[in-house]
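Trainee: Input: one structure, supplied below.
What follows draws every value from the coordinates through simple rules; no lab data is involved. Note that this is a predicted model, so its numbers are computed, not measured. Neighbour counts run over all protein chains shown; Cβ positions are idealised from the backbone, glycine included.
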Amino acid sequence: MGNMLRGQVLSRFSSISDFARAMNWDRKKASRIVNRVQKPTANDMEKMAEILNVTDPDEFVQIFLPSVSTMWEVK
């Protein structure tokens, strides 16, 4: 499975740096989270969903909780 978070970020922003500015983070934190080196907090995920316009609960789980989403089957 690919990194859906990275795909979402780069489909809406021209760079990780632009995303970091929108999130009011430094570029290093944004890069670590987007590249799945660091796990985001619940507050981080909520703010990212807002910035990335993720409103569907299933999409939210697939993007922000990929290890959980593979455990469940969508019917």
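Here's the yes/no breakdown for (1) hydrophobic (A, V, I, L, M, F, W, C); (2) more than 11 Å from the chain's Cα centre (by Cα); (3) surrounded by fewer than 16 Cβ atoms within 10 Å (Cβ to Cβ):
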position: Leu5; (1), (2), (3): yes, no, no
position: Gln8; (1), (2), (3): no, no, no
position: Arg12; (1), (2), (3): no, yes, yes
position: Asp18; (1), (2), (3): no, yes, yes
position: Arg21; (1), (2), (3): no, yes, yes
position: Asp26; (1), (2), (3): no, yes, yes
position: Asn35; (1), (2), (3): no, no, yes
position: Asp44; (1), (2), (3): no, no, no
position: Ala49; (1), (2), (3): yes, no, no
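Trainee: So which residues in region 1-22 are within 17 Å of Ile63 (Cα to Cα) and part of a helix (DSSP H, G or I), if there are any at all?
Mentor: Within region 1-22, Met4, Leu5, Arg6, Gly7, Gln8, Val9, Leu10, Ser11, Arg12, Ile16, Phe19 qualify.
Trainee: How many residues, within region 34-45, are farther than 14 Å from Asn24 by Cα and charged (D, E, K, R)?
Mentor: Qualifying residue count, region 34-45: 2.
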